[in-house]
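Peer 1: Let me begin by handing over the structure; questions about it come next.
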Amino acid sequence: SGFGWALLGLLQKQTDRKQHKDFFRELADAYRLFHDHPHFGPAAKYESARCLHYADDVGAAKAFRALFETDLKEKTFRALDADFRQALTANDQWGELMRQSAAQLVKDQQRLAALVLAGQCFQLEDAPLAETLVQIALAQADGAEKTALTWIAVEMHAKFGQLARADELLRSLLSDPELAKHPELWRKATTFADQRDQPAEALEYLEKTLDAQYESLPEVIELQTFRAEYRRLLTSYSNLADAMVTLKTPPPPGFLSKVVRAADRWRAHDSGNDACNLASAILQRLGEHDLSWDYLTTPVAHQPSEASGWSSMASTLHRRGEWTLADRAYEAAFAAEPTNAQLLWDRAENLRRAGKPLEAKALFRQIAEGAWQPRFQGLKNQAKCQ
């Protein structure tokens, strides 16, 4: 029987269905020899129907339908294929059979099976019919069952590229106050917005993701994801701040609070400096100089007596052209190391670049007239020339 089965499969595969329709009728008869076989029986019945379809036999639709209805009664599903759909479509039975079957499954309290059937329709590229079956499966469902089925429908639509409908179903879940507490649902909504090129919605959903997550933050967090999401959030705020400055429009109410809240939440659980640096840059751009300074100096404020941190910060700010903040950093660096004339010189140069020659001249005079270590003698002579 194994050899005979393999031979039939080889003949079916190698025969041109357009030129040998009569031969496919003979193959259909040959497959019937295996209908009662304990192992090959179910597949043989399906292949008999397929061969009738290849032979353009009107009995193909009847044979396929009989198999499907038997499976339905036995509560089993075989994988349907394009031949099954084509045979039933040619006789105007495809849509009717699927809708009736989904309705019967729902009546039998098998809504999940109805969704499986909808997934088969998606695979067979009949999205409109698949959506109809999803609606049948979800109709009048309630409670935890409806939540679970809707989530499965969300994933199904996303898998087959139906992002708008997937997003619609997901938002129906998020309208429930209890479900809205789950950050994973908002994170999925953010993904959909990204895939649909909706940056405003993506930012809104990301905010809600992090709000929901922070309300139930575990003791141990996955830092890489945590850091990446907050960096994305503050980067988005930075882009909005750039746009506000370019368009000369004031920040909307609550925007600065969002920046501060995001930075504080991030730095509370991450020892890195990115949260403070990003927040400082945004606040500086929007004219909040004192608040910007507070965030900028947070990383070095724990070691205020060490000049190196202040000096490094000042150099960075100077390169970025943020003269006012750089001056404050140079001032703090010199306060931490008042015997370092180089820091005073760097501050004077920064003031000159900032268009404050008188303040710069006063510092040059301080260097020229001060008592410094021998290593600063050359710098003192340069200051006298200035």
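Peer 1: Run the numbers for residue 221 and residue 285: contour at 0.36 nm per residue of separation, minus the present Cα-Cα distance, in nm.
Peer 2: Roughly 19.9 nm would be gained on extension.
Peer 1: What is the distance in Å between the Cα centroid of the range 242-297 and that of the range 184-198?
Peer 2: What the calculation gives is 25 Å, centre to centre.
Peer 1: Here's another thing I want to ask about it. Using a basic spin-label model with each label point 7 Å from the Cα along Cα→Cβ, how many nm lie between residue 74 and residue 196?
Peer 2: The answer from the label model is 4.2 nm.
Peer 1: Select from the range 1-83 those trypsin sites (Lys or Arg not before Pro) which occupy a DSSP coil region and have at most 11 other Cβ atoms within 10 Å, ordered by residue number.
Peer 2: 18, 75
Peer 1: Moving on. Considering only C-alpha atoms, what is the centroid distance from the range 74-153 to the range 12-67, in Å?
Peer 2: Going from one Cα centre to the other spans 25 Å.
Peer 1: Also, I was wondering about something else. Mind giving me the nanometre distance, one decimal, between the label points for residue 342 and residue 238, set 7 Å out from Cα along Cα→Cβ?
Peer 2: Result for the modelled spin labels: 2.9 nm.
Peer 1: To the nearest 20 Debye, how big is the dipole of the range 192-303 about its Cα centre, given +1 on the beta carbon of each Lys and Arg and -1 on that of each Asp and Glu?
Peer 2: Around 260 debye, computed over the range 192-303.
Peer 1: Here's something else I'd like to know. For Rg/Rh (Cα atoms, Kirkwood Rh), pick the label among (i) 1.20; (ii) 1.30; (iii) 0.98 that corresponds to the value derived from the coordinates.
Peer 2: Label (ii) holds the value from this structure.
Peer 1: Next question, about the same structure. I'd like the orientation of helix 341-353 relative to the chain: the angle between its Cα long axis and the longest Cα principal axis, in ° from 0 to 90, rounded to 10.
Peer 2: Computed tilt is about 70 degrees.
Peer 1: Once phi is turned into ³J(HN,Hα) by the Karplus curve 6.51 cos²θ - 1.76 cosθ + 1.60 with θ = phi - 60°, what whole-Hz value does each residue of the range 372-386 show in order, with x for glycine and proline?
Peer 2: Karplus-based 3J(HN,Hα) across the range 372-386 equals 10, 5, x, 5, 9, 4, x, 5, 5, 5, 4, 5, 4, 5, 4 Hz.
Peer 1: Rounded to the nearest 20 debye, what is the charge dipole size of the range 233-294 about its Cα centre when +1 sits on each Lys and Arg Cβ and -1 on each Asp and Glu Cβ?
Peer 2: Here the range 233-294 has a charge dipole of around 200 debye.
Peer 1: Residue 175 to residue 362: extension gain in nm, 0.36 nm per residue of separation minus the Cα-Cα distance?
Peer 2: 60.9 nm
Peer 1: Ignoring the sites themselves, what is the longest stretch of the chain with no GluC sites (Glu not before Pro) in a DSSP loop and at most 16 other beta-carbon atoms within 10 Å?
Peer 2: Answer - 223-305.
Peer 1: Another question, then. Would you mind checking the pairs 13/159; 181/258; 159/208; 107/181 and listing those with alpha carbons more than 26 angstrom apart?
Peer 2: 13/159; 107/181
Peer 1: Taking the mean number of other Cβ atoms within 10 Å as a proxy for protection, how do you rank 111-120, 238-247, 133-142 from highest to lowest?
Peer 2: Ranked by mean Cβ neighbours within 10 Å, highest first: 111-120, 133-142, 238-247.
Peer 1: Here is a further query. Give me the number: length gained by fully extending residue 91 to residue 66, i.e. 0.36 nm times residue separation minus the C-alpha to C-alpha distance, one decimal in nm.
Peer 2: Stretched fully, the residue 91-residue 66 segment lengthens by 7.6 nm.
Peer 1: Under a crude label model (7 Å from the Cα following the beta-carbon direction), how far is residue 21 from residue 214 in nanometres?
Peer 2: For residue 21 paired with residue 214, the spin-label model returns 7.0 nm.
Peer 1: Run through the range 196-277 and list the trypsin sites (Lys or Arg not before Pro) located in a DSSP loop whose Cβ has at most 10 other Cβ atoms within 10 Å.
Peer 2: 248
Peer 1: Okay, next question. Kindly provide the helix-only [θ] at 222 nm of the chain, computed as the sum of -39,500 (n - 2.57) over DSSP H runs of four or more divided by all residues, to the nearest 500 deg cm²/dmol?
Peer 2: For the chain, the value works out to -23500 deg cm²/dmol.
Peer 1: Read phi for every residue in the range 111-122 and hand back ³J(HN,Hα) as whole Hz from Karplus 6.51 cos²θ - 1.76 cosθ + 1.60, θ = phi - 60°, with x for Gly and Pro.
Peer 2: Working through the residues one at a time gives 5, 4, 5, 5, 5, 4, 5, 4, x, 5, 5, 4 Hz.
Peer 1: Quick one: helix 323-336 against the long Cα principal axis of the chain, what's the angle to the nearest 10°, folded into 0 to 90?
Peer 2: 60
Peer 1: Here is a follow-up. Cα to Cα, under 27 Å, and not fewer than 8 places away if on the same chain: which lysines meet these conditions relative to residue 356?
Peer 2: Of all the lysines, those that pass the test against residue 356 - Cα under 27 Å, at least 8 places apart if same chain - are 248, 380, 384.
Values in this text are rule-based calculations from the coordinates and carry no lab data. Source: prediction; values computed, not measured. Using ideal geometry, Cβ is built from the backbone for each residue, glycine included, and neighbour counts are taken over all protein chains shown.
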